[in-house]
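Visitor: Structure in structure tokens, see below.
The values are calculated or read from the model by the stated rules, or taken from the named source; none is laboratory data. Computed from a predicted model, the values in this text were never measured in an experiment. Because the Cβ atoms are built from the backbone with ideal geometry, glycine has one as well, and the counts that use them run over all protein chains shown. Please note that ligands, DNA and RNA were not included when accessible areas were found on the heavy atoms of the full protein model with its side chains. Shrake-Rupley method; radii C 1.70, N 1.55, O 1.52, S 1.80 Å.
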Amino acid sequence: MADDDKDMFICRCEEVTLREIEQAIDEGFVTVTDIKRVTRAGMGLCQGRTCTKTIARIIAQRTGKPLEEVLPKSYRYPVRPEKLQVVENEEFNDAKDS
Amino acid sequence: MTHAADVLVIGGGIIGLSCGFYLTKRGKRVCVLDSGGFADGASGACDDMILFQSKKPGINLELTFESLELYKSLRAEVDDNLGFANLGGMVLIENQQELEIMEEFVSQQRSYGLDVEVIDKREIHKKQPFLSDHIIASTYSKMDSQIDPFAVMRAFERKGSSYGMKVFRRNGVVGIERIGNGDYLVSTQDGTVFQAPIVVNAAGTWAGQIGEMVGANVPITPKRGQIIITERVPPIGETNLWSAKYLVTKLRNDVVVDLNEDERSMGLSFAFTRSGGDTYLVGSTREYVGFDKGTTIGGIRAIINQTLKYLPRLRDVNFIRAIAGLRPSTPDGRMLLGEHAGIDGFFTAAGHEGDGIALAPITGTLLAAMVCRDPGDHRLDELSPNRFANL
């Protein structure tokens, strides 16, 4: 891969490049969650909805680990941005923890 | 397979990595052992405060000053700002009773050298134009600072590793035994055994379980704190914000603060801090729910309702994530730092509750001094784990 390609943004929200992600993997951070915490990839507005799978594939290719070992185990509320005024909505207010 | 080292640090959160880093700098061969991934525990699910105003005059406040200085040298050593910011902080006062208690607290803190004052509505409005009108007064300290826990942890690990520290993750400790020459053998899930004359229990919320393996009483209880994170927004005001409610509850258990039953059972209080990523971290609950680190709709709802009470204009701001961390709380609100009597070479450095980020560098530095048998520092006697030995 051309060296310039390493500067492409994998996480566009937080502007994290392929180079930064590969460097973190080489330092031993080998799950999507680890990569998020050390590079901020996936911490932005879309919360990784765009880049999670790409990052998982990069880790899998570079380490030989199976995808299911590197992907996050769970997702939790809110899965997309939600205005704080959601509490004015009765449905939310009546919601119980599932 | 057996790894030999001078010191084994159990726990790779911000405290364990700090201990590992400062021990390595003192020339020790250190292995840091962690059961999870990077920042899986409380260090990865907290805010980023080096908060002075929440500290009672005494050892915790004193150590926070020293920690702030150590953060300065750390930032110079790794040549990275680590997300450090000094926005100052305000503690919001809502009624006369809170005002009286906070005025007294502020004067105690001032006599201890903290630059803090009580400011009136006009001053409040200058610093925080969006704040609700029902706030009658506020404290203000320009000392309150913050630093990015993830950046700090990575810096401890990177720099520490460059000096020879080794970090092992996703491989929990399953047993500790002591052999004839006094060395400890620490065995892990994948069968690897680590051997060293010194073990440091820096397992945070889980430190009690590690203590049990050698018969040490480490009374640490998980306290769950839920936090929501907003989208990136321009600065809402000049400073970070807290409500006086939490401090008042902490200082005076005879005072009943104005919360509904639900909020009270969740230990709700307001913390509003701007992160390095230009988002706000908004909390928080303090719940005793065992080791369950899930977020709840009830918790998120209570945090939002409280936020809109203080900052009504935020109703149009999005939140993008909710997190929960288990704070390692101790019976007296102070950490455990020191060697266990009768268990030579076994140290605990854990139990920071909400002060782990603020106190990480000083904890690691003091722990390293103890392990290296520097002359004793009597101020630290009150942090000794032996205060709980006979309980």
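Visitor: How many residues are assigned to a helix (DSSP H, G or I) and touching a helix residue (DSSP H, G or I) at 6+ places or on another chain (Cβ under 6 Å) if we restrict to segment A:1-19?
Guide: First, the residues of segment A:1-19 that are assigned to a helix (DSSP H, G or I): A:3-7, A:18-19.
From what's left, touching a helix residue (DSSP H, G or I) at 6+ places or on another chain (Cβ under 6 Å): A:6, A:18-19.
Matching residues across segment A:1-19 total 3.
Visitor: Let me ask something else. So, in segment B:123-142, exactly how many residues are open to solvent by 80 Å² or more (accessible area, probe 1.4 Å) and of a type in the set (Asp, Glu)? Reasoning before the result, please.
Guide: Of segment B:123-142, the ones open to solvent by 80 Å² or more (accessible area, probe 1.4 Å) are B:125-126, B:133, B:142.
If we keep only those that are of a type in the set (Asp, Glu) too, we end up with B:133.
Number satisfying all stated conditions: 1.
Visitor: For segment B:96-122, give me each residue that is farther than 24 Å from B:PRO57 by Cβ and surrounded by 15 or more Cβ atoms within 10 Å (Cβ to Cβ).
Guide: none
Visitor: Applying the selection to segment B:344-391, what residues are without any contact (Cβ under 8 Å) to a residue 24 or more places away in the chain and among the acidic types (Asp, Glu)?
Guide: Answer for segment B:344-391, where residues must be without any contact (Cβ under 8 Å) to a residue 24 or more places away in the chain and among the acidic types (Asp, Glu): B:ASP374, B:ASP377, B:ASP381.
Visitor: I would also like to ask the following. If a residue must be facing chain B (nearest Cβ under 8 Å) and more than 24 Å from A:TYR75 (Cβ to Cβ), how many such residues does segment A:1-50 contain?
Guide: 2
Visitor: If you don't mind, another one. Going through segment A:70-81 one residue at a time, which ones are at the interface with another protein chain (Cβ under 10 Å from one of its Cβ atoms) and modelled with pLDDT of 95 or more? Step through it out loud before you land on a result.
Guide: Our first condition is that a residue be at the interface with another protein chain (Cβ under 10 Å from one of its Cβ atoms); within segment A:70-81, this holds for A:74, A:76-81.
Listed by number, the list is empty, since nothing qualifies.
Visitor: Give the residues of segment A:65-76 that are touching a helix residue (DSSP H, G or I) at 6+ places or on another chain (Cβ under 8 Å) and open to solvent by 100 Å² or more (accessible area, probe 1.4 Å), sorted by residue number.
Guide: none
Visitor: Just one of the numbered conditions (1) open to solvent by 40 Å² or more (accessible area, probe 1.4 Å); (2) under 30 Å from B:GLY277 (Cβ atoms); (3) of a type in the set (Asp, Glu) is not true of B:ASP6; which one?
Guide: If we test B:ASP6 against (1) open to solvent by 40 Å² or more (accessible area, probe 1.4 Å); (2) under 30 Å from B:GLY277 (Cβ atoms); (3) of a type in the set (Asp, Glu), just (2) comes out false.
Visitor: Turning to a different aspect of this structure: Looking only at segment B:171-223, count how many residues are in contact with an Asp or Glu (Cβ under 6 Å, 6 or more places away or on another chain) and over 17 Å from B:PHE347 (Cα atoms).
Guide: 1
Visitor: Still on this model: With the requirement that a residue be among the polar types (S, T, N, Q) and either surrounded by fewer than 24 Cβ atoms within 10 Å (Cβ to Cβ) or under 17 Å from the mean Cα position of the chain (by Cα) (or both), what does segment B:12-53 give you? Quick ask: steps written out before the conclusion?
Guide: Applying the first criterion (among the polar types (S, T, N, Q)) to segment B:12-53 yields B:18, B:24, B:35, B:43, B:53.
Across segment B:12-53, the qualifying residues are B:SER18, B:SER35, B:SER43, B:GLN53.
Visitor: Being facing chain A (nearest Cβ under 9 Å) and in contact with a Phe, Trp or Tyr (Cβ under 7 Å, 6 or more places away or on another chain) is the filter here; which residues of segment B:312-351 pass it?
Guide: Selection gives B:ALA322 alone.
Visitor: Go through (1) in the same structural domain as B:ALA368 (by TED's automatic domain parsing); (2) without any contact (Cβ under 8 Å) to a residue 12 or more places away in the chain for B:VAL174 and report which single condition fails.
Guide: It fails just one condition, (2).
Visitor: Being open to solvent by less than 40 Å² (accessible area, probe 1.4 Å) and part of a loop (DSSP other than H, G, I, E, B): is that true of A:CYS46 here? Before the answer, list the steps.
Guide: Values: open to solvent by less than 40 Å² (accessible area, probe 1.4 Å): yes; part of a loop (DSSP other than H, G, I, E, B): yes.
So A:CYS46 passes the test.
Visitor: Taking the condition more than 8 Å from every other protein chain (Cβ to nearest Cβ), open to solvent by 60 Å² or more (accessible area, probe 1.4 Å) and either modelled with pLDDT under 95 or under 14 Å from the mean Cα position of the chain (by Cα) (or both), does A:ARG62 pass? Give the derivation first.
Guide: Values: more than 8 Å from every other protein chain (Cβ to nearest Cβ): yes; open to solvent by 60 Å² or more (accessible area, probe 1.4 Å): yes; either modelled with pLDDT under 95 or under 14 Å from the mean Cα position of the chain (by Cα) (or both): no.
No: the conditions fail for A:ARG62.
Visitor: While we're looking at this one, here's another question. Got a number for residues in segment B:54-69 being buried (at least 18 other Cβ atoms within 10 Å of the Cβ) and not hydroxyl-bearing (Ser, Thr, Tyr)? Show your work before the answer.
Guide: Initial filter on segment B:54-69 (buried (at least 18 other Cβ atoms within 10 Å of the Cβ)): B:54-55, B:60-61, B:63-64, B:67-68.
Of the ones still in play, those that are also not hydroxyl-bearing (Ser, Thr, Tyr) are B:55, B:60-61, B:63, B:68.
Qualifying residue count, segment B:54-69: 5.
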